[in-house]
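See below for the structure under consideration.
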Amino acid sequence: MHLIIQGAEIETGDLKALAKAGGASAIEQITASAFRLRHAAPAPDIAAICERALLDFAFIPEYRRLEDFKRLVMDMDSTLITIETIDELADLVGLKPQVAAITGQAMRGEIEYNQSLQRRVALLKGLDESALRRVYDERLKLSPGAETLLAAARKHGIKTLLVSGGFTQVTELLKPRLGLDYTYANTLGVAAGKLSGEVIGRIVNADAKRDELLRVSQSLGVQREQIIGIGDGANDLKFLAECGVSIAYHAKPIVRGQTTHALNYVGLDGAVNLFN
């Protein structure tokens, strides 16, 4: 195994302490914010050192390479992008605190997702449809390192799938912009140019995200061990469980505890460093 250390600021003393704790044979620099400690073994001190120094760490198999994977599946809100789209829509009508509170409960797994989405969307009834484009143009930002991650996926022929509890009105704008291969999201009802306060069709909840991943993967003959998944909320756990490598990105504790790796301090480009 190799131990990957990542962070905004990595002190030499911390690297040496981590190498000693894990019995690493060498320290190699990957990028300005990432190092590989070769042939390291798990040890209790490693988590404590990284927590104190605000560093991400991951043990990865020496043989694992990015080109061995065929699919990258990601959540959108607070993962691929920095915002929660529905919270920003609510902000346009002065309801962000109410909607954000419901969003937080759903992402922590405290309330059932379908109910939470229906409650939030109902609060947006009467909002002009153009507000979606306004949020996209004025507020949507990609998470740090997103373009680096997607470029690496394209380089190695990895197909990308975005599964989102957000809305098709946003994912369909991101798809050509980022060169995404597949997107799957909720469709907001619209009547006479206004949001109807309803979701059209099946709600994209945890089950729907998993089902779409399985559908796309099975149609292309992709196996579980060939899939990389990245998400942040409780409604991502079912699709993450279908991935050979699952990554919690700046995620809730419930997600960090059920994935193979967690990135708490670095950007999405940190996912690339988890492969040799």
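Read-outs throughout are calculated quantities, based only on the coordinates presented, and are distinct from any laboratory measurement. On a predicted model such as this, the values are computed, not experimentally measured, just so you know. Cβ coordinates were reconstructed from backbone atoms using ideal geometry, including for glycine residues, and neighbour counts include every protein chain displayed.
Are there GluC sites (Glu not before Pro) in segment 55-121 that DSSP marks as loop and that have at most 14 other Cβ atoms within 10 Å, and which are they? List each step's numbers first, then the result.
Working: sites: Glu62, Glu67, Glu84, Glu88, Glu110, Glu112; in loops: Glu62, Glu84, Glu110, Glu112.
Filter output for segment 55-121: Glu62, Glu110, Glu112.
Is segment 153-276 best put as rounded, prolate or oblate by its Cα gyration tensor, with a ≥ b ≥ c the root eigenvalues, rounded for a/c under 1.5, and otherwise prolate when a/b is larger than b/c, oblate when not? Since a/c reaches 1.5 and a/b is larger than b/c, the shape of segment 153-276 is classed as prolate.
Converting phi to 3J(HN,Hα) with the Karplus coefficients 6.51, -1.76 and 1.60 and the offset θ = phi - 60°, segment 80-88 yields 5, 10, 7, 9, 9, 3, 5, 5, 6 Hz in sequence order, with x at every glycine or proline. By other beta-carbon atoms within 10 Å, ranking Ile227, Ile158, Ile200, Ile27 with the fewest at the front produces Ile200, Ile27, Ile158, Ile227.
Short-range pairs are left out: with C-alpha atoms under 8 Å and at least six residues apart, the relative contact order of the chain is 22 percent.
Tell me, what is a quarter of the convex hull surface for the C-alpha atoms of segment 91-235, in nm² with one decimal? Mind showing how you got there, number by number?
Values: hull surface 37.4 nm².
Quarter of the Cα hull surface area: 9.4 nm².
Here is the tail figure for the chain: Cα pairs spaced more than 27 Å apart come to 41 percent of all pairs.
Entry note, the chain: the mean residue ellipticity at 222 nm calculated from DSSP H runs of n ≥ 4, each adding -39500 (n - 2.57), is -10500 deg cm²/dmol after division by the residues and rounding to the nearest 500. For segment 126-152 versus segment 69-108, the spacing of their alpha-carbon centroids is 11 Å.
Checking every one of the trypsin sites (Lys or Arg not before Pro) in segment 167-276 against DSSP loop status and a limit of 15 other Cβ atoms within 10 Å picks out Arg202.
For segment 18-76, the list of trypsin sites (Lys or Arg not before Pro) that fall in a loop by DSSP and count at most 14 other C-beta atoms within 10 angstrom reads Arg65. Binning all Cα-Cα separations of segment 36-125 at 10 Å, short to long from zero, yields these whole-percent fractions: 13, 28, 22, 23, 13, 1. Between the alpha-carbon centers of segment 2-68 and segment 204-233, tell me the distance in whole angstrom. So the separation of the two Cα centres works out to 29 Å.
Within the chain, DSSP assigns beta bridges of which about 50% are antiparallel (rounded to the nearest 5). Among Thr259, Thr148, Thr168, a tally of other beta-carbon atoms within 10 Å of each Cβ gives an order, fewest to most, of Thr148, Thr168, Thr259.
Given axes a ≥ b ≥ c from the Cα gyration tensor, I'd like to know whether segment 200-245 is rounded (a/c under 1.5), prolate (a/b larger than b/c) or oblate. It comes out oblate by the Cα gyration axes. Amide H contacts of Thr160 (H built 1.01 Å from N, in plane; Pro and chain starts excluded): Leu72, Asp181, Tyr182 sit under 5 Å, all sequence-distant by 5 or more or on other chains. Each residue of segment 158-165 was assigned a 3J(HN,Hα) from its phi angle through the Karplus expression (A = 6.51, B = -1.76, C = 1.60, θ = phi - 60°), giving 8, 7, 10, 10, 9, 10, 9, x Hz with x at Gly and Pro. Hey, which of these cross-link pairs are over 29 Å Cα-Cα: Lys70/Lys96; Lys16/Lys70; Lys159/Lys194; Lys70/Lys238; Lys70/Lys194; Lys20/Lys238? Pairs exceeding 29 Å: Lys70/Lys96; Lys16/Lys70; Lys159/Lys194; Lys70/Lys194; Lys20/Lys238. Taking other C-beta atoms within 10 angstrom as a stand-in for reagent exposure, Lys155, Lys175 fall in the order Lys155, Lys175, fewest first.
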